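S.K.: Here it is, the structure in full.
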Amino acid sequence: MDNGLLEFLDYSHSQFHSIDKISKILLSDGYIELKESDEYVLEKGKKYFVKRNLTSLLAFKIPNEIKDYHFQMVAVHSDSPNFKIKDHVYDNSSNCFKLIVEPYGGMIHSTWLDKPLGVAGRIVYKNGDQINSKLVDLGDGIAIIPNLAIHLNREINDGYKYNPQTDLCPILASSNDENIFEKTLNNYLEEDQELLSYDLYLYNSEKAQLIGLNKDFLSSPKLDDLACDYTCLKGFMNGENKSHISLFVSFDNEEVGSGSINGADSTFLEDNLRRINTALGYKEKEFLRALAKSTLLSADNAHAIHPNIPNKLETKSPVLLNKGIVIKHNANMHYCSDALGAGLIKSLCKDIDIPYQEFFNRSDIRGGSTLGNISMAHVSILSVDIGLAQLAMHSSYETMGSKDIDDMIMLITAYMSKDIVNKDGNINIR
């Protein structure tokens, strides 16, 4: 397994930090950072990336010669379900200073209790006439959400519904000082800088690690979707785009519907595709033709059959840990895969001799969705949803198969290295 993933997971305590880490990886490999507020000046043979609002990133590579103008893209998301800290809302009753939080995304509340927690994200401050932001990570194990003892809640093992407003507030200190948290944040600022606001989140402080007798499992916070972020980034970077434009994009806010300036339901992808088109000297008609020939892989993790509760998924097409890439299907288009897109992934997997499997929800249980069909509303091209099999999705600590990691890197490398052209519902792979 690519050990760089463990480092990536342990650094990415918020979506701000995951995008920051991806930026550093790209810069170290010779990518040039662009700013959306500047004019794009692009050269063939060069590599670029651009960020929006610090939590979404789009990177692309331009070949020395574009022989068949189109885009081959992979999309992931940077966010994970967790608790967001309410801005300047505190409580210091019972001689315990606690933060007031609200759930972000569909999380499993009970997995956050009695765990060492950290706080990470960005702070926004005023510096003279400017408003700036800075990434902060207050460190591991500075907070905890304690359970109520079973002696005081005898029915807890019969099922308990946690109230986020009252049951799930993290304690940070034994103190009556109402300003203790703000003082901590001010330690990250210079004397003449004034704290204004923040986007801060709790994270599980437990480290990413390989687990099992044969280290068959990878367990970590935020595997959904940082495992795909890392593997797709590596595959994108490894790929040799000889005559097309390769593109990687990581969106924020997938877990809450993608409706933000930097989510899949924003103009981030379309804006940048159009700007690439213009900077390379192409006209609108050439852009539309390029899109018609382009493809997009939407990579987000998939549910594996649970070993203790197998009947929650389609058992006639079981998705298993360490058994390969997952192609995700849904008749109601909660996933964007169709037979043509699925056929593309199967063909690539067979060509490079890696396993694949196909995910279906039970027909009587509604499943989740992801960013593929949302992004298609803005850039309508042939798309397919894929992912890595995992357990305990949306827990504060998730588990997946360690052997699947390298398979995803290999798949994305192959996808980016070949010329895959969609022409009138027929795919040519060269």
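The values are calculated or read from the model by the stated rules, or taken from the named source; none is laboratory data. Keep in mind it's a predicted model, so treat the numbers as computed, not measured. As a convention, Cβ positions derive from the backbone with ideal geometry for all residues, glycine included, and neighbour counts pool all protein chains shown. What goes into the accessible areas is simple: the full protein's heavy atoms, side chains included, and nothing from ligands, DNA or RNA. Shrake-Rupley method; radii C 1.70, N 1.55, O 1.52, S 1.80 Å.
S.K.: Sort out which residues of segment 87-104 are of a type in the set (A, V, I, L, M) and either in contact with a Leu (Cβ under 7 Å, 6 or more places away or on another chain) or assigned to a loop (DSSP other than H, G, I, E, B) (or both), and write them in order of number.
M.R.: L99, V101
S.K.: Follow-up. Among the listed residues M376, M400, M408, identify the single one that is at pLDDT 95 or above, more than 19 Å from F236 (Cα to Cα) and touching a Leu at 6+ places or on another chain (Cβ under 8 Å).
M.R.: M400
S.K.: Filter segment 25-79 for residues that are among the aliphatic types (A, V, I, L, M) and modelled with pLDDT under 95 and give the result.
M.R.: Step one: list which residues in segment 25-79 are among the aliphatic types (A, V, I, L, M), which gives 25-27, 32, 34, 41-42, 50, 54, 57-59, 62, 66, 73-76.
Scanning segment 25-79 gives a single hit, I66.
S.K.: Given segment 214-331, what strands (runs of 3 or more DSSP E) lie entirely inside it while holding 2 or more residues that are closer than 25 Å to D29 by Cα and touching a helix residue (DSSP H, G or I) at 6+ places or on another chain (Cβ under 8 Å)?
M.R.: 245-251, 295-299
S.K.: Still on this structure, I have one more. Going by what's in this entry, would I345 be described as assigned to a helix (DSSP H, G or I) and either under 20 Å from the mean Cα position of the chain (by Cα) or without any contact (Cβ under 8 Å) to a residue 12 or more places away in the chain (or both)?
M.R.: no
S.K.: Taking into account only those residues within segment 228-257 that are β-branched (V, I, T) and open to solvent by less than 10 Å² (accessible area, probe 1.4 Å), which is farthest from the chain's Cα centre (by Cα)?
M.R.: The qualifying residue farthest from the chain's Cα centre (by Cα) is I245.
S.K.: Could you please let me know if L152 is open to solvent by 50 Å² or more (accessible area, probe 1.4 Å), at pLDDT below 95 and of a type in the set (A, V, I, L, M)?
M.R.: Yes, satisfied.
S.K.: Out of E65, E102, I need the residue that is open to solvent by 50 Å² or more (accessible area, probe 1.4 Å), out of contact with any helix residue (DSSP H, G or I) (no Cβ under 9 Å at 6 or more places or on another chain) and under 30 Å from A392 (Cβ atoms). Which one?
M.R.: Details: E65 fails: under 30 Å from A392 (Cβ atoms).
On inspection, the qualifying residue turns out to be E102.
S.K.: Check F8, F60 and return the single one that is among the aromatic types (F, W, Y) and closer than 25 Å to S220 by Cα. Full working, then the answer.
M.R.: Values: F60 fails: closer than 25 Å to S220 by Cα.
None of the others qualify; the one that does is F8.
S.K.: Shifting gears a bit: So which of S260, S266 ends up being open to solvent by 20 Å² or more (accessible area, probe 1.4 Å), over 18 Å from L42 (Cβ atoms) and of a type in the set (S, T, Y)?
M.R.: Result of the check over S260, S266: S260.
S.K.: As an exercise: evaluate Q15 against (1) in contact (Cβ under 8 Å) with a residue 12 or more places away in the chain; (2) within 30 Å of L200 (Cβ to Cβ); (3) touching a helix residue (DSSP H, G or I) at 6+ places or on another chain (Cβ under 9 Å) and give the number of the one condition it does not meet.
M.R.: (3)
S.K.: Restricting to segment 330-350, count the residues that are at pLDDT 90 or above and surrounded by 18 or more Cβ atoms within 10 Å (Cβ to Cβ).
M.R.: Selection size over segment 330-350: 6.
S.K.: Residue check, M1 against (1) within 28 Å of M408 (Cα to Cα); (2) at pLDDT 95 or above; (3) surrounded by fewer than 19 Cβ atoms within 10 Å (Cβ to Cβ); (4) of a type in the set (A, V, I, L, M, F, W, C), all met but one. Which one?
M.R.: That leaves (2) as the condition not met.
S.K.: Of all residues in segment 82-99 being in contact with a Ser or Thr (Cβ under 9 Å, 6 or more places away or on another chain) and either free of Cβ contacts under 8 Å to residues at least 24 places away in the same chain or under 30 Å from S369 (Cβ atoms) (or both), which is surrounded by the fewest Cβ atoms within 10 Å (Cβ to Cβ)?
M.R.: D87
S.K.: Continuing with this model, one more query. For segment 365-422, enumerate the residues that are in a loop (DSSP other than H, G, I, E, B), β-branched (V, I, T) and open to solvent by 10 Å² or more (accessible area, probe 1.4 Å).
M.R.: I365, I381
S.K.: Of all residues in segment 21-50 being more than 26 Å from K418 (Cα to Cα) and open to solvent by less than 60 Å² (accessible area, probe 1.4 Å), which is farthest from the chain's Cα centre (by Cα)?
M.R.: Here the answer is Y40.
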